[in-house]
């Protein structure tokens, strides 16, 4: 996390998060070290679909047709939290941590992460984690942070993209 926080701070980028199955663990990890206030604006624990719809503006059709645990929902959550907090980057995580709640189509351990920037494509990743609830949640946080680092590293290779990521003040 230290490398990502350094890149965010140095570039003057602001981050907000939306998390479901991790229940606040991603926000906790981001703020574990001093200095998070230089890049982290805040987050939403959107455990209930109602919160996803009302706060993050996830379209009801996305929840109805794809479900809360889907690439489409992760994308909408990342875009929604980025807009809600008026930041450069929004990161989301949604999934099934178990031990109940899984199905043949969406088993326990299915997790989606997404990253939305002010400009450019939304990055979405799907994972199938194994382990107990705590382990799945930890892996989901790690995956969200890895996606953030991947996007930051990709962006750092292009000054044009760096400028595009800046939010309007």
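Derivation of every value follows stated rules applied to the coordinates shown; laboratory data play no part. Not measured: the values here are computed from a predicted model. Ideal geometry is used to build each Cβ from the backbone, glycine not excepted, and the neighbour counts take in all protein chains shown.
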Cα pair count fraction exceeding 26 Å, expressed as % - the chain: 22 percent
Cα gyration tensor shape of the stretch 92-134, rounded if a/c is under 1.5, else prolate or oblate by comparing a/b with b/c: prolate
Additional length obtainable on full extension of the chain from residue 11 to residue 132, 0.36 nm per residue less Cα span: 39.8 nm
Length-normalised contact order for the chain - Cα pairs under 8 Å, 6+ apart - percent: 22 percent
The chain - share of DSSP beta bridges that are antiparallel (%, nearest 5): 55 percent
Burial ordering of 118, 52, 3, fewest other beta-carbon atoms within 10 Å first: 3, 118, 52
Rough spin-label spacing in nm, given labels placed 7 Å along Cα→Cβ, for residue 105 and residue 49: 1.2 nm
Listed residues 46, 28, 74, most fluctuating in the chain (Gaussian network, C-alpha, under 10 Å): 28
Mean Cβ count within 10 Å, highest first, over the residues of peptides 60-73, 101-114: 101-114, 60-73
Length-normalised contact order of the stretch 1-61 in % [C-alpha pairs under 8 Å, at least 6 apart]: 37 percent
